[in-house]
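Have a look at the structure below before the remarks.
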Amino acid sequence: MPLQLMPPHYYPVLLPLLVLAAVAGVSAGGGGDGDVVERTYIVRVDADAKPSVYPTHAHWYEAAVLAAAGDGSEWPEGGPLIHTYSAAFQGFSARMSPAAAEALASAPGVAAVVPERVRQLATTRSPRFLGLLSSPPSALLAESDFGADLVIAIVDTGISPAHRSFHDRGLGPVPGRWRGLCASGPGFPPSSCNRKLVGARFFSKGYEATSGRMNETAEVRSALDTDGHGTHTASIAAGRYVFPASTLGYARGVAAGMAPKARLAAYKVCWVGGCFDSDILAAFDAAVADGVDVVSLSVGGVVVPYYLDAIAIGAFGATEAGIVVSASAGNGGPGGLTVTNVAPWMATVGAGSMDRAFPANVRLGDGQVLDGVSVYGGPALESGKLYELVYAGASGGGASSASDGYSASMCLDGSLDPAAVRGKIVVCDRGVNSRAAKGDVVRRAGGVGMVLANGAFDGEGLVADCHVLPATAVGAAAGDRLRKYIASATKQRPATGTILFEGTHLGVHPAPVVAAFSARGPNPQSPEILKPDLIAPGLNILAAWPSGVGPAGIPSDGRSTEFNILSGTSMACPHVSGLAALLKAAHPSWSPAAIKSALMTTAYVRDNSNGTVADESTGAAAGAFDLGAGHVDPMRAMDPGLVYDIGPSDYVSFLCNLNYTERNIRAVTRRPADCRGARRAGHAGNLNYPSLSATFVAAGAAAAAAASRTHFIRTVTNVGGGSAVYRASVTAPEGCNVTVQPRRLAFRRDGQRLSFAVRVEAALGGRMEPGSSLVRSGALTWSDGRHVVRSPIVVTVQAPLQ
Ligand SMILES: *[C@@H]1O[C@H](CO)[C@@H](O)[C@H](O)[C@H]1NC(C)=O
Ligand SMILES: *[C@@H]1O[C@H](CO)[C@@H](O)[C@H](O)[C@H]1NC(C)=O
Ligand SMILES: *[C@@H]1O[C@H](CO)[C@@H](O)[C@H](O)[C@H]1NC(C)=O
Ligand SMILES: *[C@@H]1O[C@H](CO)[C@@H](O)[C@H](O)[C@H]1NC(C)=O
């Protein structure tokens, strides 16, 4: 009789696990059954640890969960497993109680048990910006054949397959090594994929395990994008040329992705309830197995050690398979320590502006003009007419009787009194609800226009939105003037104004600037690694948009547009993903670290006015914690001269030097770690990274001058095509001495590797307040006269809290 396998969830719990069950019984003992809250855990197992009694890994996993949970647990139909992973990661996800998770963690063959977290998309959500993509330089495109035959995985909200940006006209056959599939579902027939969109999958089991069955009226169980974010990011990375493209009349021209011939594969992991780790990891796993070349992840991270971070773990598996992982830095700026997705094996991308602007200034009745921005494209305000201005937060200003001044100042739903705002331009404070939603509240209350004013906390950073009524955004200083002007108004002399929409301005100076929202260093997990790595355009980005989703991103927006303007590090990340595909196409032998190094060491830090790139939030020069190595420069990245390469075992040494336990290291890397050698060899800052970050603790309480020294070892690989002699030059961070040894590197051949040491001595002066920190930036540059290989050096001195 042939042996028939039963579905895993019927498979009996076999002998080796009885021991486990006893352990589970003990550790669950104190808690009392029933009232333990179940959640999703991601479980990493050791490769090759599967007991031979189990025919498949799924059988083993299921048995392990059942044993750890003990008797009396109830499982959803289909068994306890949510996902099983085998490519980027070895293991599974399942729902269980904390006690069961603890029991499972010490089971044989289990390397780590990590609680799931929920992520959010890294767009500033309602910013609907306008702006053409910076045209990719043609030489780079030609040399890489526009990225043809490389596949970029977009891990996001799915994709709108019928969009013109994803048409496959003129493309060759699907690359032979592609092993992915086109999962069909509602709104996504099998014919949705083509030679451009070569694969599509969706992962919702983790989401539904926590949030319950999805509401299939509100969202779609397929890779179809009903949000817009994934369509937008995919077309930034690899949309084909589309002409003409514009949003509601702004920024007319050609829309084009960075790698216009590269193939796309959509992995939908983000749903109305967020993006769940277990689903993201399933997407990484599928992407590795499918054979993608680049993973683009515009999803915010969390700040936990790497061994507890499913994205960091999945990205490690992908990197080991030779895949470049590019992720958004997050939108938590401009405060420090806000950067996310900070593992050194990922490219962490912040957002900058381009030289394009959408001015929409406010002219007041007293003649003042306040600078604003907007991409509102509907019927204009009456030309020449001054409208009455009202600030809903002022007493008697326009709050409904049911509401308080605070809600009204924010223009929250239902907070405005129609009698007080009808026919007027309403001033709303930024914050709490989305910017476009405030416009909708004003419109529904009968207002004719809106000025969205930053508070002190928001600073001067502005996002132009595709509002549902004539509206503009102004900075904190202008907001203060505006509120003051309205407060000084009288019955005889009411406050009046209008908004002057000026359309698209090009050639704006200075550009780029670091977007105020772009998340900043230092790296909260490992300050030895400078993050973000670099910045790319993330402000006013015009890209593809699904028909049937309004551009303002609010349900009441019934408008339809083929392109839309968004801002966020979500938009910056796919620029780097597309460029990474071009570099990989041109240099197939380069590792992910080499590609990242090329992008970083060729990045620029001077803007189009030849000043240091500025920070939008302050107007002052940006530092290394704001822009990392600088703004990406595609042309130069093609031929960087030297690269700082890193292999998987180097990351193991790095994790050893973070003092992770061998078990925690194994959770990330799947390989046994012997840290003795690595720890003898130095410190975490010795990872062969293309930037240098030295951190010192100021000695003593209320320390006076702190004198500290450290050194870095680096190895560069010659990729310039032949013999070359490089010389070092250093711009030392203020108050520091930096020496390089040797100062001259003579390469005899391509591919040769040479090492050098960088010593940093800091005497950063004066008394420091307890808890304060001092940051100084400089740079180390190698040049052979033809290539310029620049690494930022950042020195941080932290004064202890007391
Ligand atoms: C599902 O979504 C629709 C549309 O948003 C909504 O009208 C309906 O109430 C929702 N159903 C449930 C059960 O939440
Ligand atoms: C730009 O500024 C740098 C440093 O201030 C200076 O050395 C360089 O000559 C300037 N370049 C141009 C084109 O003005
Ligand atoms: C690791 O431990 C060593 C020895 O205790 C210490 O000197 C070093 O600073 C630690 N490194 C980190 C990154 O915590
Ligand atoms: C830097 O070098 C100079 C000259 O050798 C020396 O006087 C100074 O003390 C050094 N500074 C630090 C911070 O080590």
>> Every residue in the stretch 753-786 that is more than 16 Å from ligand 4 (Cβ to nearest atom) and open to solvent by less than 10 Å² (accessible area, probe 1.4 Å), please.
In response: PHE756, ALA779, LEU780, TRP782
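Residues to consider are ARG221, ARG213, ARG179; find the one that is of a type in the set (Lys, Arg), farther than 22 Å from ALA289 by Cα, assigned to a loop (DSSP other than H, G, I, E, B) and open to solvent by 60 Å² or more (accessible area, probe 1.4 Å). Lay out the reasoning, then the answer.
Working: ARG221 fails: open to solvent by 60 Å² or more (accessible area, probe 1.4 Å); ARG179 fails: farther than 22 Å from ALA289 by Cα.
Answer to the selection: ARG213.
Considering only the stretch 724-745, how many residues are outside any loop (DSSP other than H, G, I, E, B) and open to solvent by less than 40 Å² (accessible area, probe 1.4 Å)?
If we filter the stretch 724-745 for residues that are outside any loop (DSSP other than H, G, I, E, B), which is where we start, we get 724-731, 736-741, 744-745.
So of that shortlist, the ones also open to solvent by less than 40 Å² (accessible area, probe 1.4 Å) come out as 724, 726, 728, 736, 738, 740, 745.
Total meeting the criteria: 7.
Hey, can you tell me all the residues within the stretch 58-117 that are part of a loop (DSSP other than H, G, I, E, B) and among the hydroxyl-bearing types (Ser, Thr, Tyr)?
Answer for the stretch 58-117, where residues must be part of a loop (DSSP other than H, G, I, E, B) and among the hydroxyl-bearing types (Ser, Thr, Tyr): SER73, SER86, SER97, SER106.
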> Which one of SER773, SER777, SER729 is touching a helix residue (DSSP H, G or I) at 6+ places or on another chain (Cβ under 9 Å) and closer than 18 Å to PRO792 by Cβ?
Replying inline: SER777
>> Restricting to the stretch 270-306, give me the number of residues that are closer than 22 Å to THR210 by Cβ and hydroxyl-bearing (Ser, Thr, Tyr).
In response: 2
> Of (1) more than 16 Å from ligand 2 (Cβ to nearest atom); (2) under 23 Å from the mean Cα position of the chain (by Cα), TYR660 satisfies all except one. Which?
Replying inline: (2)
> So which of ASP355, ASP371, ASP366 ends up being open to solvent by 20 Å² or more (accessible area, probe 1.4 Å), closer than 20 Å to LEU534 by Cβ and among the acidic types (Asp, Glu)?
Replying inline: ASP355
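Residue by residue, here is whether (1) farther than 16 Å from ALA223 by Cα; (2) in contact (Cβ under 8 Å) with a residue 40 or more places away in the chain; (3) buried (at least 24 other Cβ atoms within 10 Å of the Cβ); (4) of a type in the set (Ser, Thr, Tyr) holds:
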residue: CYS270; (1), (2), (3), (4): no, yes, yes, no
residue: PHE276; (1), (2), (3), (4): no, yes, yes, no
residue: ASP279; (1), (2), (3), (4): no, yes, yes, no
residue: ALA282; (1), (2), (3), (4): no, yes, yes, no
residue: ALA286; (1), (2), (3), (4): no, yes, yes, no
residue: VAL299; (1), (2), (3), (4): yes, yes, yes, no
residue: TYR307; (1), (2), (3), (4): yes, yes, no, yes
> Going through the stretch 598-613 one residue at a time, which ones are surrounded by 17 or more Cβ atoms within 10 Å (Cβ to Cβ) and part of a loop (DSSP other than H, G, I, E, B)?
Replying inline: THR602, ALA603, VAL605, ASP607, VAL613
> Under 8 Å by Cβ, and 6 or more places apart or on different chains, what pairs join a residue from the stretch 731-751 that is without any contact (Cβ under 8 Å) to a residue 60 or more places away in the chain and small (Gly, Ala, Ser) with one that is within 16 Å of ligand 2 (Cβ to nearest atom) and in a loop (DSSP other than H, G, I, E, B)?
Replying inline: none
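The values are calculated or read from the model by the stated rules, or taken from the named source; none is laboratory data. It should be emphasised that the depicted structure is a prediction, and the values quoted were computed from it without experimental measurement. Using ideal geometry, Cβ is built from the backbone for each residue, glycine included, and neighbour counts are taken over all protein chains shown. In case anyone asks, the SASA skips ligands and DNA or RNA and just uses the protein heavy atoms, side chains included. Shrake-Rupley method; radii C 1.70, N 1.55, O 1.52, S 1.80 Å.
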